[in-house]
Amino acid sequence: LREQALRDALTGLHNRRYLFEVAPGLIELARRHDHPLSVVLIDLDHFKALNDSYGHAAGDAVLQRFAALMLANLRKSDVLCRYGGEEFVVVMPDLDIDSAARTIQRLLELYYAEEVEHRRRHLPPGTFSAGIATFPSHGDRLEHLLGRADKALYRAKESGRARIEFAALTGFATLT
């Protein structure tokens, strides 16, 4: 029952509850060892249009394929969560913002190249937008890092989608 409470039934990834249970400990470990930790917020681009054009079952197939792609191409030590709808969070211990961005850029390229078929119809190539924030530069709590990553994600969407943006450095790492 505990496992069911911490996993998303559709994708098999961890859920938001798990994120908020595990990430604070990972941030504390990063602090103790003076290591970076990156938080990436990912939003699948034009997902509503996909659902509207191909149906919700096709949208579910895309979510499942994206989750499988993440599981196959990100590290076992990364925490992969379905945050809600078509949003995902990746917590990447021991990765600075540049290393996290390179990893997520590779994931974006793989996702675009992925061929997804649903009911014998090829679905259009997918893209996503992402925002990245890193401990300790952008905050020292999960809420701060998610807030900064969300602002960066919003900039990525406003700048044309299918891109990755970094959280802004303001000099006030503990403020959102």
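Quick look at the values:
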item: Residue-normalised accessible area of the chain, given per residue in Å² at a 1.4 Å probe; result: 53
item: Additional length obtainable on full extension of the chain from residue 34 to residue 71, 0.36 nm per residue less Cα span; result: 10.6 nm
item: Anchor residue 151: aspartates and glutamates whose Cα lies under 20 Å away (excluding residues fewer than 8 positions away in-chain); result: 43, 45, 86, 87, 96, 98, 140, 143, 165
item: Surface share of carbon and sulfur [accessible, 1.4 angstrom probe, percent] for the chain; result: 51
item: For the stretch 79-102 versus the stretch 127-146, the gap between their alpha-carbon centres in whole angstrom; result: 9
item: Bins of 5 Å from zero: percent of alpha-carbon pairs in the stretch 1-81; result: 3, 12, 19, 21, 18, 13, 8, 4, 2, 0
item: Fraction of the pair-distance distribution of the stretch 1-42 above 11 Å, Cα-Cα pairs, percent; result: 69
item: Calculated SAXS-style log₁₀ I(q)/I(0) at q = 0.22 Å⁻¹ - the stretch 113-171, Debye, Cα scatterers; result: -0.78
item: Alpha-carbon spread of the chain, three principal axes, descending order, Å; result: 51, 42, 23
item: Student exercise, the stretch 78-176 dipole from Lys, Arg, Asp, Glu Cβ charges, in Debye to nearest 20; result: 360
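The values are calculated or read from the model by the stated rules, or taken from the named source; none is laboratory data. What you are looking at is a predicted structure, and each value in this text was computed from that prediction instead of being measured. All Cβ positions, even for glycine, are placed from backbone atoms using ideal geometry, and neighbour counts span all protein chains on display. Surface accessibility is based on the protein's heavy atoms, side chains included, excluding ligands, DNA and RNA. Shrake-Rupley method; radii C 1.70, N 1.55, O 1.52, S 1.80 Å.
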